[in-house]
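Worksheet: one structure, shown below.
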Amino acid sequence: MFILPLLVLYEVGIALQGSGIKNASDVFVEKIFSLLGKNGSLIFNFLVIAFLLISIIYIEKKYQLDFITFIFMFLESVVYAFFIGNVLGYVVYKILFPYALAMPFSMNAWLGVILSIGAGVYEEIVFRLLLITALSFIFATLLKISKPVSKILSIMMGALLFAAMHYVGTLGDIFTNTNFTFRALSGIVLSTIFLFRGLGVAVYTHAIYDVLSVLKPFHI
């Protein structure tokens with residue numbers, strides 16, 4: 001329920017922008033559902049709506065639906081986003097790589113904001129909800145590794161794959177030790193947020209950080 005407004009805003013924004021550029025993880029999800037035929041994207045959106053309705057029914061039965069909770073979740077996400085941007089940014093750019101320069105972000109601001117929202121939704125679905133869950137299952141259930149160690153291994157491996165994804169494809173970034181390190185550390189933080197605070201907070205943390213980065217003269 002918490003992430004649905006971002007999903008709708010992203011899809012509407014892409015449609016209004018009339019651009020063929022989409023978030024890479026969005027394309028990845030669409031490719032998976034395209035295996036179901038030409039209506040694969042429609043099926044995905046239907047599942048999102050169905051999940052929303054099921055969530056509302058479940059929450060209303062078990063808890064009292066209180067949108068104040070969503071406000072606190074949003075504020076919590078803002079705090080985490082500023083932590084990634086300022087604390088991790090300082091560690092990477094001022095301590096680990098003090099002579100590195102941030103890469104300029106040259107995309108249209110409106111499209112950049114929309115893609116940032118999409119990154120928050122789809123990258124968290126792919127790299128946290130799907131990947132971290134799958135890795136945790138493999139390590140803990142199949143390989144019989146203790147749950148604490150399984151979570152640590154899942155977080156580390158997921159963070160490395162998350163960082164590496166940004167250099168794949170025609171729109172991939174130029175690899176530098178600096179931006180790879182920053183993204184790997186961000187992946188660790190986002191995975192930890194997902195495991196302990198849930199998908200919604202991880203999605204908003206990611207989206208808010210990316211939007212703030214777009215609105216600055218440089219994008220990390």
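Considering Leu185, Leu131, Leu135, the condition of being touching a Leu at 6+ places or on another chain (Cβ under 9 Å), more than 22 Å from Ser77 (Cα to Cα) and aliphatic (A, V, I, L, M) is satisfied by Leu135 alone. Candidates in segment 195-204 are the residues that are of a type in the set (A, V, I, L, M, F, W, C) and under 13 Å from Glu76 (Cβ atoms); of these, the one that is most open to solvent (accessible area, probe 1.4 Å) is Phe196.
Looking at this structure, is Met157 open to solvent by 20 Å² or more (accessible area, probe 1.4 Å), aliphatic (A, V, I, L, M) and touching a residue at least 60 places away in the same chain (Cβ under 8 Å)? No; evaluated as a whole, the condition is false for this residue.
The values are calculated or read from the model by the stated rules, or taken from the named source; none is laboratory data. Since the structure is predicted, the reported quantities are computational estimates derived from the model, not experimental observations. Don't worry about glycine lacking a Cβ; one is built from the backbone with ideal geometry, like all the others, and counts go over all protein chains shown. With ligands, DNA and RNA removed, areas are computed over all heavy atoms of the protein, side chains included. Shrake-Rupley method; radii C 1.70, N 1.55, O 1.52, S 1.80 Å.
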